[in-house]
Amino acid sequence: MISRRALRVYTYSTAILLYVPIAVMVINSFNPSPYIGVWEGLSLHWYQLLLRDREAFTAFTNSLTVAVVSSTLSTSIALIAAFQTRGRRLVALDSLVYPPIVMPEVAEAVALFLAFTYVGVEKGWLTVMLGHTAFNVAFAYVTLTVSKVRFEELENAARTLGAGRLEVFKNIILPLAMPGIVAALAITFLLSFTNFIKTLFTTGPGFYTLPILIWNRARRPGVSEFASQNALNALATLVTLVALSIAVAYTIYMVKRVRS
Amino acid sequence: MVSWRSRLVLSIAPLVLTLATLFYAPTLALVYYSFYDRFRGALTVEFYLDVLLNPLYANVIIYSLNIAVITVLATLALTLPVAAYMTLYSRGLERVLLLVVFTTPFWIDFLLRAWALKSLLYMLGVREGFLALILGMIYDYIPFMLLPIYASLARMPPNIVYAARTLGAGALDLWARIIVPYALPGILVGSTLVLLMSLTELVIPTLLGGVRGFTLGPLIYTLILAGDEWSRGAALAIIVTVLSVLTAILAYRRFRGLMF
Amino acid sequence: MAGAEVRFEDVWKSYGRVVALREVTLTAQGGRITVLLGPSGCGKTTLLKIAAGLLQPDRGRVYFNDLDYTDVPAERRDVGMVFQDLALFPHMSVFDNIAFGLRVRGIRGLELERRVKEMLDLVGLDRSFYNRRVTELSGGQQQRVALARALVIEPKVLLLDEPLAHLDYKVKQRLLEEIRRIQRSLRITTIYVTHDQLEAMSVADVVAVMREGSVVQVGPPREVYENPKDLYVASFFGDANIVDSKFAGLNSEGLVALRLEDVILNPNESVDIVYEGVVEDVVFQGAFVSLEVNVNGRVLKLLVPRRDFAREDVSVGSRVRVGWRLSNVRGFNGVMA
């Protein structure tokens, strides 16, 4: 048997290695030199620059808007369907919902591109949002229907106790469905906010999201001060921070619920 | 009183409609374009044949497959010990912490992780190329391989190792007869996942591959967005999709009871 | 809290092609416990849900005290129901679960508290349970909460769907007694669904044996036990040896039933028929010893009181005599003893 010690050392080293690139990125974001290899001490230069970075700001708001709209829309659509079936899975619906998740993202992106072109829709905010929604709706539905709560039975119990439709909804269904709804919203938001490939194929001139911006800058570093390596590191660090804080907030929320 | 049946239909309608218009219709468009020659206005299989037989494309496909297979094998080798440690030797707080540590990368943008690695490699003097590409693929896909394997190993009842040892199983027997069979479903799921995802990967080959980064993903991108070869791009996309869906169905059938 | 009489008249219910209930006519008398006994799939839960108003019959009517309740929805029927999986509200405490039905009826404050606490006392849960999460309780405790929740609203009818299904033997016994005690003191009409004949025997004032959607026999437990209408009832309610009537000593055709305790081991009291056989199995079951005796190729099962068994020196392989009175042979469809 491979010794426990060896395995442990290996596991911890791998864990650390996993975060080294990210650590490097974060540390370098404080490096005032535009180049990664040249260390010039600690500074908030790039972060200050970010405040003046119009492009980044636009990209951020764009990503945010698309993500908020898409996640709300897709969660609502999925919720209406899931609610009626009281969270039970219908086989027919299942088979309809899985393909978007299974299909390779590039293929889906190309399909969206071709479809939008065929229909003649001008690519931009709308097409990006719609593209995200197609995928999000499936994810939201799956998230909402993995619940182990037997909604129908609880509803029956409440009815025999005299509760009318509204009361059942307010006191039984809503509180128990809430974690699922929040999860669906969080997941679809994140998927949309960080989405790259679908966005790449469905965006039009003048509209760009944060991932698109990062992509462009990462491919051609040094073209402008904003796009230099460490500036990008600063941006990337910020985005990572936001993502992590959402993750932490969500975990705390879940833990609180489990405790209560 | 609106009948239950019609209420059901009404609530499922938005979901079905959304999927139909934003996913299935585009997929149909994809199929259509893969057979439709825009310039001659005729339907043909020529694009499929070209894509599969023309050495120009065939080489890319084979190259991508190679990269994908290498990625799968490498991530497998790297993550198996970690999964083994986590399930066999780790308990309670440590296990939860390790799990959190290894799942957090999911919350961090795919794109950003690739960029972070690129920065690090840059610092170490590794420039864009084959090595960077492989390292990038491995780095990005480790969580995708680790989690399924962990999940599947975690189903192993804790006493089973003890039981086997009381029955006289030595180290080799233990691994071969107990641990590997339990890990197998996870290994297969993870491998399938990583294989399919890395085949169509666009971000990493472009960012880290340099000249050697022309795989299926970038190929499709070039065909569709950078060029005008929509039909060939569509044909490629369809081929990859069919592959993915088939593999997914096979995997689901085979391992349905074991993992889900 | 006297209970309403529940009457089913000619009730039919199908799910697609499957007929769950066929032509069921049954009366659950006011203030009594009526047990619906049958194997899974015989329709007993469906009938219960129709009584609750959660399902509507395809044909037939349901009457509460002669008032047609068939179209009255569950929330207005004033029934208390305990579900098979309890269906306690997981996000509420014990107190809130029980209080739910009262709150829905607009009862608040002190009155609410009083009634909930009263009910908790009735089912035997003390004040330490008030604020506990229902998910933390043991099976038996959860049962009591479910019972309390159903009873606190002072329903006309109490409906129990396999309430003791997943409990330990001892807990089951205790709860069975409690249910009887509570029912007796409240005199509430109770319909109790189960597949366990022992439960049925312990609790029923009237037992209705069901099979594949129909009620086969109705009556007080003793009557159904001693005079089963057919083979099915004989073997489902109580245990019996099913043998050829000629073998049993009757001058007729067909099969008859012989209760295990009616087959006497080495009889010295007066029996009408005696056979010789070899003991094939002996199982000690506490108050009784269960024997399997091979008589000319037929294996008969006997239930011998422990006292009587101790007197004989019997073990596997012993040659013994078995016998019975003709009057104890149960025939059906005109086959008389």
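The values are calculated or read from the model by the stated rules, or taken from the named source; none is laboratory data. Just so it is clear, the structure is predicted and the values come from calculations on it, not from any experiment. Glycine gets a Cβ as well: all are built from the backbone with ideal geometry, and neighbour counts include every protein chain shown.
Here is a yes/no grid of residues against (1) within 14 Å of chain A (Cβ to nearest Cβ); (2) more than 21 Å from C:VAL171 (Cβ to Cβ):
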| position | (1), (2) |
| --- | --- |
| C:GLU75 | yes, yes |
| C:VAL79 | yes, yes |
| C:PHE100 | yes, yes |
| C:ARG105 | yes, yes |
| C:LEU110 | no, yes |
| C:ARG132 | yes, no |
| C:THR135 | yes, no |
| C:ALA148 | yes, no |
| C:PRO155 | yes, yes |
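Got a number for residues in the stretch A:102-138 being free of Cβ contacts under 8 Å to residues at least 24 places away in the same chain and more than 7 Å from every other protein chain (Cβ to nearest Cβ)?
So the count comes out to 5.
Across the stretch C:55-73, which residue is surrounded by the most Cβ atoms within 10 Å (Cβ to Cβ) among those that are in contact with a Lys or Arg (Cβ under 7 Å, 6 or more places away or on another chain) and assigned to a loop (DSSP other than H, G, I, E, B)?
C:TYR69
Please determine, by comparing only the residues of the stretch C:78-112 that are of a type in the set (D, E, K, R) and under 24 Å from the mean Cα position of the chain (by Cα), which one is surrounded by the fewest Cβ atoms within 10 Å (Cβ to Cβ).
Checking each candidate, the answer is C:ASP85.
With the condition being hydrophobic (A, V, I, L, M, F, W, C) and touching a strand residue (DSSP E or B) at 6+ places or on another chain (Cβ under 8 Å), I'd like the helices (runs of 4 or more DSSP H) fully within the stretch B:188-260 carrying at least 3 qualifying residues.
Answer list for the stretch B:188-260: none.
With respect to A:ASP94, determine if the residue is of a type in the set (Asp, Glu) and more than 30 Å from B:SER198 (Cβ to Cβ).
Numbers: of a type in the set (Asp, Glu): yes; more than 30 Å from B:SER198 (Cβ to Cβ): no.
Judged against the criteria, A:ASP94 is not a match.
Would you check if C:SER315 is part of a loop (DSSP other than H, G, I, E, B) and not hydrophobic (A, V, I, L, M, F, W, C)? Step through it out loud before you land on a result.
On the way: part of a loop (DSSP other than H, G, I, E, B): yes; not hydrophobic (A, V, I, L, M, F, W, C): yes.
Criteria met by C:SER315.
Among the residues of the stretch A:167-195, how many are more than 9 Å from every other protein chain (Cβ to nearest Cβ) and either touching a His at 6+ places or on another chain (Cβ under 8 Å) or not hydrophobic (A, V, I, L, M, F, W, C) (or both)?
7
Being in a helix (DSSP H, G or I), buried (at least 17 other Cβ atoms within 10 Å of the Cβ) and in contact (Cβ under 8 Å) with a residue 60 or more places away in the chain, is that true of even one residue in the stretch A:156-172?
Of the residues in the stretch A:156-172, the ones in a helix (DSSP H, G or I) are A:156-160, A:165-172.
Narrowing the set further to residues that are buried (at least 17 other Cβ atoms within 10 Å of the Cβ) leaves A:156-160, A:167-168, A:171-172.
Retained after the next criterion (residues that are in contact (Cβ under 8 Å) with a residue 60 or more places away in the chain): none.
So far as the stretch A:156-172 goes, no, none of its residues is in a helix (DSSP H, G or I), buried (at least 17 other Cβ atoms within 10 Å of the Cβ) and in contact (Cβ under 8 Å) with a residue 60 or more places away in the chain.
Test C:ALA204 against the stated conditions and say whether it is closer than 14 Å to C:LEU26 by Cβ, modelled with pLDDT of 90 or more and touching a Pro at 6+ places or on another chain (Cβ under 7 Å).
So C:ALA204 fits the description; yes.
Would you mind stating whether B:TYR162 is part of a helix (DSSP H, G or I), free of Cβ contacts under 8 Å to residues at least 60 places away in the same chain and away from every other protein chain (no Cβ under 11 Å)?
Answer is yes for this residue.
Show the residue pairs meeting these rules: Cβ distance below 9 Å; 6+ apart or different chains; first residue within the stretch A:179-197 and free of Cβ contacts under 8 Å to residues at least 60 places away in the same chain; second residue among the acidic types (Asp, Glu).
Cβ pairs passing all conditions: A:THR194/B:ASP109; A:PHE196/A:GLU105; A:PHE196/B:ASP109.
Among B:LEU99, B:LEU131, B:LEU117, B:LEU153, which is the only one that is over 19 Å from the mean Cα position of the chain (by Cα), more than 9 Å from chain A (Cβ to nearest Cβ) and within 30 Å of B:VAL211 (Cβ to Cβ)?
On the way: B:LEU99 fails: within 30 Å of B:VAL211 (Cβ to Cβ); B:LEU117 fails: more than 9 Å from chain A (Cβ to nearest Cβ); B:LEU153 fails: within 30 Å of B:VAL211 (Cβ to Cβ).
So the residue among B:LEU99, B:LEU131, B:LEU117, B:LEU153 that is over 19 Å from the mean Cα position of the chain (by Cα), more than 9 Å from chain A (Cβ to nearest Cβ) and within 30 Å of B:VAL211 (Cβ to Cβ) is B:LEU131.
Tell me the helices (runs of 4 or more DSSP H) entirely within the stretch B:1-113 that contain at least 1 residues that are at positive phi. Reasoning before the result, please.
Numbers: elements: B:4-19, B:25-35, B:46-53, B:55-84, B:92-107.
Once the helices (runs of 4 or more DSSP H) in the stretch B:1-113 are filtered for at least 1 residues that are at positive phi, what remains is B:92-107.
Output the number of the condition that A:LYS198 fails; it satisfies all remaining conditions of (1) more than 10 Å from every other protein chain (Cβ to nearest Cβ); (2) surrounded by fewer than 20 Cβ atoms within 10 Å (Cβ to Cβ); (3) assigned to a helix (DSSP H, G or I).
That leaves (2) as the condition not met.
Can you find a residue that is more than 27 Å from A:GLU108 (Cβ to Cβ), touching a Lys or Arg at 6+ places or on another chain (Cβ under 7 Å) and more than 10 Å from chain A (Cβ to nearest Cβ) anywhere in the stretch B:171-188?
The answer is yes, given that some residue of the stretch B:171-188 is more than 27 Å from A:GLU108 (Cβ to Cβ), touching a Lys or Arg at 6+ places or on another chain (Cβ under 7 Å) and more than 10 Å from chain A (Cβ to nearest Cβ).
So C:THR194 clears everything in (1) hydroxyl-bearing (Ser, Thr, Tyr); (2) at pLDDT below 90; (3) out of contact with any Gly (no Cβ under 8 Å at 6 or more places or on another chain) except one condition, right? Which one?
(2)
Out of C:ASP205, C:ASP196, C:ASP244, which single residue is under 19 Å from C:ASN328 (Cβ atoms) and surrounded by fewer than 20 Cβ atoms within 10 Å (Cβ to Cβ)?
C:ASP244
Can you tell me which residue among A:ALA177, A:ALA138 is more than 16 Å from the chain's Cα centre (by Cα), in a helix (DSSP H, G or I), crowded, with 20+ Cβ neighbours inside 10 Å and modelled with pLDDT of 85 or more? Lay out the reasoning, then the answer.
On the way: A:ALA138 fails: more than 16 Å from the chain's Cα centre (by Cα).
On inspection, the qualifying residue turns out to be A:ALA177.
Of the conditions (1) touching a residue at least 40 places away in the same chain (Cβ under 8 Å); (2) part of a strand (DSSP E or B), C:GLN183 fails just one. Which one is it?
Every condition holds for C:GLN183 apart from (2).
For the condition without any contact (Cβ under 8 Å) to a residue 12 or more places away in the chain and assigned to a helix (DSSP H, G or I), what is the one hit in B:LEU133, B:LEU120? It would help to see each step written out before you state the result.
Numbers: B:LEU133 fails: without any contact (Cβ under 8 Å) to a residue 12 or more places away in the chain.
Checking each option against the conditions leaves just B:LEU120.
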